[in-house]
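The values are calculated or read from the model by the stated rules, or taken from the named source; none is laboratory data. The shown structure was predicted, so the numbers you read here are calculated from the model rather than taken from an experiment. Glycine gets a Cβ as well: all are built from the backbone with ideal geometry, and neighbour counts include every protein chain shown.
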Amino acid sequence: MRLLMIGPPGAGKGTQAVRIAEKFNLVHISSGDLLRAHVKGNTAIGRQVQQYLASGDLVPDGIVMDILRKPVVDANARGGYVLDGFPRTVEQAEIAYSVAQTLGVEVQVVVHLEVPREELVRRLVERGAASGRSDDTIDVINHRLDVYDEKTLPMLSYYAAREKLINVNGARPVDEVTWSITVQLQQMAKQLAGD
Ligand code: AMP
């Protein structure tokens, strides 16, 4: 199975993606983690993207596509993937679709985690205090949420139109959210197997 985990910062994409990957025996790929690893390793890409991550702006599409291509193809060969944090714009979704189609790794399901903004801010401030993640400060948090509303939310209609979208209430306890995603994915997996 090949699926995307979409949601605003703080919605629990990473947490749920890890759990779902484990349950369905898929590889978890996070664009944010890959970018942060480059920054930490002070690679050429890391130096190019550092400022975007620090300010909460989106990294240019070309760079994101380059770092994702190999992990996605490798994961597909190992049974599928849960991709978290990508795509983030309609343009990325369109580029991803055409590249994935040539590689035979198109997305089958999109899980959309919905959480009210006040709850997202509360969670992100808490995470910033616990982890020290540099983009979890109040100004950057608000900016990232604005970027999500402006650039990523419109992308969901792209997947809704293709009947690939599952909407999940992500404001509930972690286990409940995992359960809800799992049940819906099992139904979806049956449909995909029947296709
Ligand atoms: P995340 O860990 O998904 O919250 O991503 C952290 C940061 O990495 C974002 O604020 C962006 O700067 C960058 N980033 C992650 N994924 C993408 C993407 N698909 N497109 C552009 N920038 C991204």
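Going by the structure shown, is GLY32 on the phi > 0 side of the Ramachandran plot and not charged (D, E, K, R)?
Details: on the phi > 0 side of the Ramachandran plot: no; not charged (D, E, K, R): yes.
No: the conditions fail for GLY32.
Do we have any residue at all in the range 94-105 that's of a type in the set (Asp, Glu) and over 17 Å from THR152 (Cβ atoms)?
Looking only at the range 94-105, we keep the residues that are of a type in the set (Asp, Glu), and these are 94.
Remaining after also requiring over 17 Å from THR152 (Cβ atoms): none.
No, the conditions are met nowhere in the range 94-105.
Kindly establish whether ARG133 is out of contact with any Pro (no Cβ under 9 Å at 6 or more places or on another chain) and within 14 Å of the ligand (Cβ to nearest atom). When the stated conditions are applied, ARG133 passes them.
Taking the condition of being outside any helix (DSSP H, G or I), surrounded by fewer than 16 Cβ atoms within 10 Å (Cβ to Cβ) and either at negative phi or in contact with a strand residue (DSSP E or B) (Cβ under 8 Å, 6 or more places away or on another chain) (or both), how many residues in the range 86-105 meet it? Final tally of qualifying residues: 0. Within the range 51-85, the set of residues being more than 8 Å from the ligand (Cβ to nearest atom), surrounded by 16 or more Cβ atoms within 10 Å (Cβ to Cβ) and not hydrophobic (A, V, I, L, M, F, W, C) comprises PRO71, ASN76, GLY80, TYR81.
If you scan the range 24-83, which residues turn out to be small (Gly, Ala, Ser), farther than 19 Å from ALA100 by Cβ and part of a loop (DSSP other than H, G, I, E, B)?
Answer for the range 24-83, where residues must be small (Gly, Ala, Ser), farther than 19 Å from ALA100 by Cβ and part of a loop (DSSP other than H, G, I, E, B): GLY41, GLY56.
Of the residues making up the range 110-129, those that are at pLDDT 90 or above, assigned to a helix (DSSP H, G or I) and hydrophobic (A, V, I, L, M, F, W, C) number 4. Considering only residues of the range 1-47 that are charged (D, E, K, R) and under 21 Å from GLU106 (Cβ atoms), which is surrounded by the fewest Cβ atoms within 10 Å (Cβ to Cβ)? Result: ARG2. Here ALA130 fulfils each of the conditions (1) surrounded by fewer than 15 Cβ atoms within 10 Å (Cβ to Cβ); (2) within 20 Å of THR89 (Cα to Cα); (3) not polar (S, T, N, Q) apart from (2). Report, ordered by the first and then the second residue, all pairs with beta carbons closer than 7 Å, sequence separation of six or more or different chains, a first member in the range 61-88 that is in contact (Cβ under 8 Å) with a residue 60 or more places away in the chain and among the charged types (D, E, K, R), and a second member that is within 8 Å of the ligand (Cβ to nearest atom) and outside any helix (DSSP H, G or I). Sorted first by the residue in the range 61-88, then by its partner, the pairs are ASP84/SER30; ARG88/LEU58. The set of residues in the range 157-174 being outside any loop (DSSP other than H, G, I, E, B) and within 22 Å of GLU106 (Cα to Cα) consists of SER157, TYR158, TYR159, ALA160, LEU165, ILE166, ASN167, VAL168.
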